[in-house]
Amino acid sequence: MTVHAAVASSVLSATTLKGLAFANRLSVAPMTRISATAEGVPTERMLRYYERFARGGFSLLTTEGIYTDKAYAQTYKGQPGLADRQQAEGWKTVVDAVHAAGGRIFAQLMHGGALAQGNGYRGDTVGPSALEPRGQQMVSYHGEGLYAVPREMDEANIAEAIAGFAQAARLAIEVAGFDGVEIHGANGYLLDQFFTDYTNRRQDRWGGDIGKRLGLSLAVLDAVREAVGDEVPVGLRLSQGKVNDLRHKWAEGEEGAAVVFKAVAESTADFVHLTEFEAWQPAFSETGKSLVALARQHAPDLFVIANGGLHDIIRAEQVLDAGANMIALGRGALTNPDWPRITAASGALRPLALDMLSPISDIKDSELGY
Ligand SMILES: Cc1cc2nc3c(=O)[nH]c(=O)nc-3n(C[C@H](O)[C@H](O)[C@H](O)COP(=O)(O)O)c2cc1C
């Protein structure tokens, strides 16, 4: 009974995104592992880390958040970059290994903004408004204490950030050979700081209602599209919660979500990656629709990747039924890098065990199996 249910699961069905074929609906969520060199170049250890997910049957991997420029983008010490050719060539070895193992891999491009806590290029931080971020720096990424108050970005800083995303995307495709690009618009980092009501108090064209606050993400999407051309899959990751405010909800509720998903559908984005704590739950009230269902309603043709607590196959199937095209596993993939193969063979999955993330969330030998 279990055997047949698992083998027939919708998570194991094939799909395509912009001409890229995927053997199943299972992808690895982006996960920062601060294991690059001091110069931001990917290491052999990172190659092994990514390769094992492809070997384990995940048809798509999204990298950890990669910094985009040598100004204000780097967020964590040990984070890899795509801000120069050497970093991009380092990524090429990772991409080649993933391809050789039968997987596809998208680069997640990120700018930390006010949450930067380990930038090797600058001692200060920037953000949409000069407001101290909520919460505390992340200890498992070498942080300590409160976040600094950022300097309000001027037009030149904003142009520099946009250009950084575009240049990093070009290096990702032309040098590293990634299959696509994901713009990190979620989880409290720079683009989400512009998107969020209480971190963006700007009176200029980058602030205002939810549509205006999405403006920087849309500008980045445009610049990235221009840099990589029409054929490359490009998408945007969005969330409600943030690393420094886990319970945040979009202030404009379902009406705001309609504005956002319509705008993304009209942009040049091919996909949206939605992350919630539990992706199947109503997004704003006890009984309303999930963010995935709202995206499907307002952006009928957009490819939707759903993330959040989906390592339980029943929940993953439920979210595919609600309109997602693919699911992404974070903690479930760390614990079971071979989740797709185990599931296809109706084997037993290991329960979530995340000792590897403490005290520092880098890549451990035990995790790699040597
Ligand atoms: C160690 C770790 C690092 C993460 N780093 C990132 C990141 O770099 N970019 C990102 O968008 N999300 C990041 N996340 C969030 C995950 O992509 C995912 O949204 C979260 O783990 C919830 O999914 P899950 O329930 O499948 O674990 C990270 C999560 C973990 C556990």
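Readers should treat all values here as calculations from the given coordinates under stated rules, not as data from a laboratory. Note that the structure is a prediction, hence the values are computed from the model and not measured. Because the Cβ atoms are built from the backbone with ideal geometry, glycine has one as well, and the counts that use them run over all protein chains shown.
Build a GNM of the chain with springs between Cα atoms under 10 Å apart, and of 156, 293, 283 the one that fluctuates most is 156. Both radii were evaluated on the Cα set of the chain; the Rg over Rh quotient, with Rh as the Kirkwood radius, amounts to 0.94. Put simply, the amide H of residue 283, placed in the peptide plane, has neighbours under 5 Å in 289, 290, 291, leaving out anything fewer than 5 places away on its chain. For residue 77, a cut-off of 30 angstrom between C-alpha atoms picks up these lysines, skipping any fewer than 8 places away in its own chain: 92, 242, 249, 364. Each Cα pair under 8 Å and six or more residues apart adds its sequence gap; the mean of these over the residue count of the range 1-147 is a relative contact order of 22 percent.
Among 105, 162, the order by Cβ neighbours within 10 angstrom, fewest to most, reads 162, 105.
Counting only DSSP H runs of at least 4 residues, each contributing -39500 (n - 2.57), and dividing by the residue count of the chain, the helix-based mean residue ellipticity at 222 nm comes to -9500 deg cm²/dmol. Once R0 is set to 51 Å, what does the formula 1/(1 + (r/R0)^6) return for the Cβ-Cβ distance between residue 197 and residue 38, expressed as a FRET efficiency to the nearest 0.05? Taking R0 as 51 Å, the efficiency between residue 197 and residue 38 is 0.85.
Note on residue 85 and residue 230: their simple-model spin labels are 3.0 nm apart, each label 7 Å out from Cα toward Cβ. For the chain, the Cβ-based charge dipole about the Cα centre amounts to some 560 debye (Lys, Arg positive; Asp, Glu negative; other atoms uncharged).
What net charge is computed for the residues neighbouring residue 255, neighbours being all others with C-beta under 12 Å from the C-beta of residue 255, Lys and Arg scored +1, Asp and Glu -1?
On the way: positive: 262; negative: 209, 252, 254.
Counting the neighbours of residue 255, the net charge comes to -2.
Please build a GNM for the chain, connecting alpha carbons under 10 Å apart, and tell me which residue among 270, 209, 84 fluctuates the most. Comparing 270, 209, 84 in the GNM, the peak value goes to 209.
Among 165, 139, 125, whose Cα projects farthest towards the positive end of the dipole of the range 114-197, with charges put on the beta-carbon of Lys, Arg (+1) and Asp, Glu (-1)? Positive-end residue among those listed: 139.
Across the options 56, 228, 282, the greatest Cα extent toward the positive end of the charge dipole of the range 10-368 (unit charges at beta carbon of Lys, Arg, Asp, Glu) belongs to 56.
Counting neighbouring beta carbons within 10 Å and listing from fewest to most, the residues 20, 61 come out as 20, 61. Could you tell me the center-to-center distance, by alpha carbons, between the range 49-126 and the range 132-198 in angstrom? The range 49-126 and the range 132-198 have Cα centres separated by 12 Å.
Centre-to-centre separation between the Cα atoms of the range 229-256 and those of the range 202-228: 13 Å. Amide H to amide H distances under 5 Å link residue 24 with 15, 59, where only residues 5 or more positions off or on other chains count and H is placed in the peptide plane.
Across the range 147-153, rounded Karplus estimates of 3J(HN,Hα) from the backbone phi angles (6.51 cos²θ - 1.76 cosθ + 1.60, θ = phi - 60°) give 6, 6, 6, x, 7, 5, 6 Hz, Gly and Pro being marked x.
Relative contact order of the chain: what whole-number percent is it, with Cα pairs under 8 angstrom and at least 6 residues apart? Present the calculation step by step, with values, prior to reporting the outcome.
Numbers: 839 pairs, mean separation 66.7, N = 370.
This gives 18 percent for the chain.
Assuming charge only on the beta carbon of Lys and Arg (+1) and of Asp and Glu (-1), the dipole of the range 1-97 about its Cα centre is about 220 debye to the nearest 20.
Of the GluC sites (Glu not before Pro) found in the range 139-211, those that fall in a DSSP loop while having at most 16 other beta-carbon atoms within 10 Å are 144. Phi-derived couplings, Karplus 6.51 cos²θ - 1.76 cosθ + 1.60 at θ = phi - 60°, listed residue by residue for the range 34-45: 5, 10, 7, 6, 4, 8, x, 9, x, 10, 4, 4 Hz, with x used for Gly and Pro.
Taking the beta-carbon count within 10 Å as an exposure proxy, list 206, 91, 250 from fewest neighbours to most. List each step's numbers first, then the result.
Values: 206 17, 91 28, 250 22.
The most exposed by this proxy come first: 206, 250, 91.
At a 10 angstrom cut-off on C-beta neighbours, averaged per residue, how do the peptides 251-259, 26-34 rank from highest to lowest?
Values: 251-259: 16.3, 26-34: 23.8.
Descending mean neighbour count gives 26-34, 251-259.
Taking the DSSP bridge list for the chain and keeping only pairs wholly inside it, about 10 percent are antiparallel.
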